[in-house]
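Here is the structure we will look at, set down as structure tokens.
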Amino acid sequence: MNPVDLPPAALPAAATRPRCRLLPPPVWTALVAAGAIAGAAVLPGLAQAQIGGNTPVRVGVVGPFTGPSADFGVPMLNGIKLAVDEINAVGGYLGRPLELVVKDDAANPDQGRKVSQELLAEKVVATIGFCNTGVAMKAIDLFQDAKSPLIVPCATGTAVTTKYPSADSYIFRVQARDALQAPFMVDDIVKRGWDKVAIFADKTGYGEGGYTDVVAALAAKNLKPVHVARFDLGVKDLTAELAAARNAGANVVYSYTVGPENAVIANGKKALGWKVPQVGAWPLSFPFFLEGAKDAAEGALMVQTFIAEPSNERRASFLSSYTRKYQGKVAVPMAAANAYDATYLLMYSFLGIRDGNLNGKAIKESLEGKMKTYYGVVSTYEKPFSVQDKDAITRNMLVIGQVKNGAITFAYPEDAKRNLIIQRKQ
């Protein structure tokens, strides 16, 4: 195991220095000229030309920064900005600052497509973004057709990275797709003896994809849902559907929706006096659920890639930097951490391009295997992508989170211990 994957207490002092920061500009310049970055020999003349210029490297950002999904769109944007500030503080890309071109999709698919067209027209070299699967699916063809790399840090719909043949795809992701999250949670609830599942899924692209993945995960256990409820976003009362699920003998409610509807489900169960657990994907860690359901949210279980506990130096540094910069705790830690890591992975892909020409094809190929290892917050990214695999997150990185006293923590003590060692892709 690489020593930087061990908890700081197990390391000598020199090894506990943060490894996710870029090098200071003078050292970085020397490494470029020597060909040490990205394992490729870079001509000193090119390095000097790039360092001498100050034309910004424009990176697109798209997500829901207003509207019903802003509760995790804003933390995503904040994570990106935090990483860019750190990168620019040490010289940017060979002396060129990164410049963010930010577009708000307001969680609306048509708006998402419109602002994606605007980003591409503004000649960004790559884009980080999308929180909502339905919004992403409406727009990703634009990035694919333009051969402009897109890294998705939040949207979990399985189809986001499977729409195009992997070898040809310009769509990358630093997030656990639903095809990972659903079976991971199903394995857990079956282990707990909760095998009579009621599925509550909204009618968005996210809900549809999640519903399909949960049904498939149950089928792998020779199970079928005892009740299925589908609903529109904005629904205020699901009492009738919850009563029907109770009458069908459900002993667990599996919810797949991204907004306050999760709280509608929890509050509806409470009103009925129906004390069965609520489980689901990562939106059960969002403020809309925690604040909307309050005590009715207690005990809910959800899949997480990152829980905001300073279990090692990298995570402690990220959390403290975020808190200082934004004057408060991160509302959705997973969104911020995934986006922060995605930004650094994009930067590392730039450094893997031998001739300094940041075109879409070169960035894609660098992401697929020409980058140095990045020691991130969620994972140690050693070859996170390949020609045949555009998802950086694997099952071994997942944990079950639980609502306790209104906050998200580890459901299992052994996961808290395992979290001391940052997992690598399997």
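The values are calculated or read from the model by the stated rules, or taken from the named source; none is laboratory data. All values reported here derive from a predicted model rather than from experimental measurement. Note that we place each Cβ from the backbone using ideal geometry, even for glycine, and neighbour counts take in every protein chain shown. These area figures cover heavy atoms from the full protein model, side chains too; ligands, DNA and RNA do not enter into them. Shrake-Rupley method; radii C 1.70, N 1.55, O 1.52, S 1.80 Å.
Things to note:
- Only helices enter this figure: runs of n ≥ 4 DSSP H residues, each worth -39500 (n - 2.57), summed and divided by the residues of the chain, yield -12500 deg cm²/dmol at 222 nm to the nearest 500.
- Whole-percent carbon and sulfur share, accessible surface of the chain, 1.4 Å: 55
- Once the chain from Asp187 to Ala244 is taken as fully extended at 0.36 nm per residue, the excess over their C-alpha distance is 18.0 nm.
- Helix axis angle, 313-326 relative to the chain longest principal axis, alpha carbon, degrees: 90
- For the chain, with +1 on Lys and Arg beta carbons and -1 on Asp and Glu, the positive-most of Ile421, Gly60, Thr156 along the dipole: Ile421
- Excluding same-chain neighbours fewer than eight residues apart, the aspartates and glutamates reachable from Lys269 by a Cα-Cα span under 13 Å are Asp237, Glu241, Glu261, Asp295, Glu298.
- Cα-centre dipole for the chain with unit charges at Cβ (Lys and Arg positive, Asp and Glu negative), debye to 20: 580
- Sparsely packed GluC sites (Glu not before Pro) within region 98-145, loop by DSSP, other Cβ within 10 Å at most 14: Glu122
- Coupling constants for region 393-405 follow from the phi torsions by the Karplus curve (6.51 cos²θ - 1.76 cosθ + 1.60, θ = phi - 60°), and in residue order they are 9, 10, 4, 5, 7, 7, 9, 8, x, 9, 7, 9, 6 Hz; glycine and proline get x.
- Note that the chain presents 38 Å² accessible area per residue, ligands and nucleic acids not counted, probe 1.4 Å.
- For region 155-169, Karplus couplings with θ = phi - 60° (6.51, -1.76, 1.60), whole Hz, Gly/Pro x: 4, 9, x, 4, 5, 4, 9, 10, 5, 10, x, 4, 4, 9, 6
- Estimated at 0.36 nm per residue, the fully extended path between Ala216 and Ala167 surpasses their Cα-Cα distance by 15.1 nm.
- Sparse-neighbour loop sites [chymotrypsin sites (Phe, Trp or Tyr not before Pro); region 201-268; at most 15 other C-beta within 10 Å; DSSP]: none
- Taking amide H as placed 1.01 Å from N in the peptide plane, the amide H of Arg58 sits under 5 Å from that of Glu99, Val125, each at least 5 places away or on another chain.
- The label-point distance for Glu99 and Ala416, in a model that sets each label 7 Å from Cα toward Cβ, rounds to 4.8 nm.
- Loop trypsin sites (Lys or Arg not before Pro), region 185-240, which have at most 16 other Cβ atoms in a 10 Å radius of their Cβ (DSSP): Arg192, Lys203, Lys221, Lys236
- Amide H contacts of Thr156: Thr133, each under 5 Å away and 5 or more positions distant or on a separate chain (H built 1.01 Å from N in the peptide plane; Pro and chain starts excluded).
- Rounded to the nearest 10 Å², the accessible area of Phe72 at probe 1.4 Å: 0
- Database remark: amide H of Val252 closer than 5 angstrom to the amide H of Lys196, Ala198 (H placed geometrically; neighbours at sequence offset of 5 or more, or on other chains; Pro and chain starts carry no H).
- Measuring only protein heavy atoms, the 1.4 Å probe finds Arg418 accessible over about 80 Å².
- Shape of region 49-146, Cα gyration tensor, a/c cut at 1.5: oblate
- Placing a label point 7 Å from the Cα of Ser317 along the Cα-to-Cβ line, the residues of region 331-354 whose backbone N sits under 18 Å from it are 337-349.
- Modelled spin-label separation between Ala271 and Glu298, with each label point placed 7 Å from Cα along the Cα-to-Cβ direction: 2.1 nm.
- Spatially proximal lysines relative to Lys114 (Cα-Cα < 28 Å; intrachain offsets below 8 disregarded): Lys81, Lys103, Lys123, Lys138, Lys147, Lys163, Lys203, Lys361, Lys364, Lys390
- Model label sites at Thr394 and Lys203, defined 7 Å from Cα along the beta-carbon direction, differ in position by 4.0 nm.
- In Hz, Karplus ³J(HN,Hα) per residue of region 81-97 (6.51, -1.76, 1.60; θ = phi - 60°; x = Gly, Pro): 4, 4, 5, 5, 4, 5, 5, 5, 5, 10, x, x, 8, 6, x, 9, x
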